[in-house]
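Working notes, structure below.
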Amino acid sequence: MPPVFPMLTVLSMFYYMCLRRRARTATRGEMNSRRAIESNTRALPINVEIVQYAKEVLDFSSHYGSENSMSYTMWNLAGIPNVYPSSGDFTQTAVFRTYGTWWDRCPSARLPFKRTPSTFCSQDYVELAFEEPVYPTAVHILETYHPGAVVRILACSANPYSQNPPAEVRWEILWSEAPTKVNGPQARQFTPCIKQINFPTNLIRLEVNSSLLDYYTELDAVVLHGVKERPVLSLKTSMIDMNDIDEDEDEEKFGCGMDTLNKQFSIVALREWPTNGYFDKLPYELIQLILSHLTVPDLCRLAQTCKLLYQHCCDPLQYIHLSLQPYWARINDTSLEYLQSRCTLIQWLNLSWTGNRGAISVSGFSRFLKVCGSELVRLELSCGHFLNETCLEVITEMCPNLQELNLSSCDKIPPQAFNHIAKVGSLKRLILYRTKVEQTALLSILNFCSELQHLSLGSCVMIEDYDLIASMMGAKCKKLRSLDLWRCKNITESGIAELASGCQLLEELDLGWCPTLQSSTGCFTNLARKLPNLQKLFLTANRSVCDTDIEELAANCTHLRQLDILGTRMVSPASLRKLLESCKDLSLLDVSFCSQIDNRVVLELNANFPNVFIKKSFTQ
């Protein structure tokens, strides 16, 4: 009779794997309920749960508010609730910059990167620090208006208040889900079922996707529940050490672990088979086309199967367009080092959100661009807090063909560093939203980058004289098609006149929250007469916009698709009817807080113009 011990060993291993699988897919009651935790740790003392609100907002990608105010800013997420359980539009909440798909349907919209994993849908993020590191048992998000934007919650192993930074920073997904449509804009407490992790944390990150929302989502506070000591659970709800699992489902969704991803990038010993089967009969180009549909981690895994596929997977033609943003928490200097040989022909590169907390060094970034920057046309570096003046200097020296540069929310770059951008005369798109660019540097950029077509200067608070900037645009940037001057504090009718006279190809103009513009000066009627190609015009929170301005838009800007006149008191229903009758392509009209436009008028306009989304916000 053959020995049974090997079979018992195999069965034991299979049983152990099943238990792990069950723990990973546990229900909320099994995985997250404090009662379940306490009832299954009979031999252990009860671990007292700590409840805490966010102490500080550390980082975020965008917000609706001003850099010099608290209204509608991410900083409102710190501390106890200001609004909840009330519903409505309140200035004391945290609001991101965009909602819906409107920003993807305007002239400034950018083409998406291919190979983005279907599981990665995050558009914005905010990182919150809490006083005490805990093992999380629950996260409560208090949403007060148009909930449903949060798609991912993560925890970080690094303590932002520690004097000794860790050798390795780990991020774990506590919860993740595709965007969902929530019926109604009312407030709610969102408490998803979170995964348990094997390290304490006091740094929580929320990632959002607002594409399904009818208006801006508003968040009031975040509550972190947790225990100081790591729970030791019974077999039924045993704690899983994520380091012990080779192929964890959540890490598959997130990309893969740092070490695993770097190993996949690296060169491994491969077996050479005598024949490659049907692959030998396929043209090289066809295999390349098939592989072009794989995500980056899948491409790296496939490269480890045999020499033929390794050759295909490492072909620089597979990396013409490369987005590493979905793997932001796993990318470091080693990753870039491994990718260098594959990215010698790269044209589009997305490193947004990557490299923070020391993951990418200035030297590592510089080495990569020196090898891979010669063919770069598009470079996305949004929220890259490792960037400094040396990095911008390397970009301008190593990327002579660069046409698009995104430095959105790179608020750690010193003001003088932006002078280097003027050396890239081929630039067609430049995004400087929430940066510290100063007037002198910007004037130099506008003078030497005359090919600019898309320029974002939203929330650039260090520019002293926007009239001078607008005058330079009118004189030098004749090809400008979109311009974002969101929350520009000092532009006047003089600057608008210079801009409208010189940049007559403008199709998109954001003048939201520009308080120094007054309709009585004729600045808006001048815009309407000089810019007939306008498709998007945001005059958000300008209370002086009046019927005359709307009628001029109706008469001259018949291609208008999006108009925001939130907050005006001077626009009547009659002028809006003229606009809707004239602008047949209009799809978005925001009349929130317009005192003459009540809900009855909105219902009437919606009935007569069903193809237009007419938004009327409220506070209660």
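The values are calculated or read from the model by the stated rules, or taken from the named source; none is laboratory data. Owing to the predicted nature of the structure, the values given are computational and were not obtained by experimental measurement. Methodologically, a virtual Cβ is constructed for each residue, glycine included, from the backbone with ideal geometry; neighbour enumeration extends over all protein chains shown. Heavy atoms of the whole protein, side chains included, go into the accessibility calculation; ligands, DNA and RNA do not. Shrake-Rupley method; radii C 1.70, N 1.55, O 1.52, S 1.80 Å.
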> When DSSP assigns beta bridges and you keep just the ones with both residues in the chain, what percent turn out antiparallel, to the nearest 5?
Replying inline: 55
> What full-extension length gain, to one decimal in nm, is calculated for N611 and K478 as 0.36 nm per residue of separation minus the Cα-Cα distance?
Replying inline: 44.5 nm
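Rank these residues by their accessible area, most exposed first, probe 1.4 Å: K370, K55. Working shown, then result.
Working: K370 130, K55 105 Å².
Descending order: K370, K55.
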>> Per residue, how much accessible surface does region 76-206 expose to a 1.4 Å probe? Answer in Å², no decimals.
In response: 38
> Lys/Arg Cβ at +1, Asp/Glu Cβ at -1, dipole of the chain taken about the Cα centre: which of L286, T275, L553 is farthest positive-ward?
Replying inline: T275
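Going down the table (K281/K307; K370/K478; K578/K616; K489/K616; K423/K536; K370/K423), which pairs top 28 Å between alpha carbons?
Working: K281/K307 16 Å; K370/K478 33 Å; K578/K616 19 Å; K489/K616 26 Å; K423/K536 31 Å; K370/K423 17 Å.
Pairs exceeding the cut-off: K370/K478; K423/K536.
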>> Under a Cβ-only charge scheme (Lys and Arg +1, Asp and Glu -1), can you give me the dipole magnitude of region 506-619 about the Cα centre, in debye to the nearest 20?
In response: 120
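Per 0.36 nm of contour for each residue apart, how much would the distance between L294 and T440 grow if the chain were fully extended, relative to their Cα-Cα spacing? It would help to have the intermediate numbers written out before the result.
Working: separation 146, 0.36 × 146 = 52.56 nm, distance 4.49 nm.
Here the answer is 48.1 nm.
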> To the nearest 10 degrees, how steep is helix 5-24 against the longest Cα principal axis of the chain, on a 0 to 90 scale?
Replying inline: 20
>> Tell me the angle of helix 547-556 to the major Cα principal axis of the chain, expressed in degrees between 0 and 90 and rounded to the nearest ten.
In response: 80
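Can you compute the equivalent ellipsoid semi-axes for region 131-172, i.e. the square root of 5 times each eigenvalue of the Cα gyration tensor, sorted largest first and rounded to whole Å? Intermediate values should be presented prior to the final figure.
On the way: eigenvalues 143, 28, 19 Å².
Each semi-axis is √(5λ); the values are 27, 12, 10 Å.
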>> Give me the net charge for the shell around S86: Cβ to Cβ below 14 angstrom, other residues only, Lys and Arg +1, Asp and Glu -1.
In response: -3
> Once the Cα atoms of helix 439-448 and of the chain are each reduced to a long axis, what angle between those two axes, in degrees from 0 to 90 to the nearest 10, is obtained?
Replying inline: 90
> Which value, in Å², gives the accessible area per residue of region 508-620 when a 1.4 Å probe is used on the protein heavy atoms?
Replying inline: 40
>> Nothing charged except the Cβ atoms of Lys and Arg (+1) and of Asp and Glu (-1): what's the magnitude of the dipole of the chain about its Cα centre? Round to the nearest 20 debye.
In response: 820
> Taking the Cα centre of each part, how many Å lie between region 176-236 and region 394-444?
Replying inline: 36
> Rounded to a whole number, what is D in µm²/s for the chain from Stokes-Einstein with the Kirkwood radius over alpha-carbon pairs (37 °C, 0.692 mPa s)?
Replying inline: 123
>> Just want the answer: with Cβ charges of +1 for Lys and Arg and -1 for Asp and Glu, which residue in G474, Q453, L509 is farthest toward the dipole's positive end in region 411-511?
In response: Q453
> Along the positive direction of the dipole of the chain (beta-carbon charges: Lys, Arg +1; Asp, Glu -1; about the Cα centre), which of A109, L302, L213 reaches farthest?
Replying inline: L302
> What order do E397, E218 take when sorted by accessible area (1.4 Å probe), most exposed first?
Replying inline: E397, E218
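What part of the accessible area of the chain, given as a whole %, is carbon or sulfur when the probe is 1.4 angstrom? If you can, show how the numbers build up before the last one.
Details: 14060 of 26280 Å².
The value for the chain is 53 percent carbon and sulfur by accessible area.
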> How much accessible surface area, in Å² rounded to 10, belongs to the heavy atoms of L291 with a 1.4 Å probe?
Replying inline: 10
>> Taking just the alpha carbons, could you work out the radius of gyration and Dmax for region 102-211, both in angstroms?
In response: 16.1, 47
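Would you please calculate the Kirkwood hydrodynamic radius of region 467-620 over all C-alpha pairs and express it in Å, rounded to one decimal?
Numbers: mean 1/r = 0.0650 Å⁻¹.
For region 467-620, the Kirkwood estimate is 15.4 Å.
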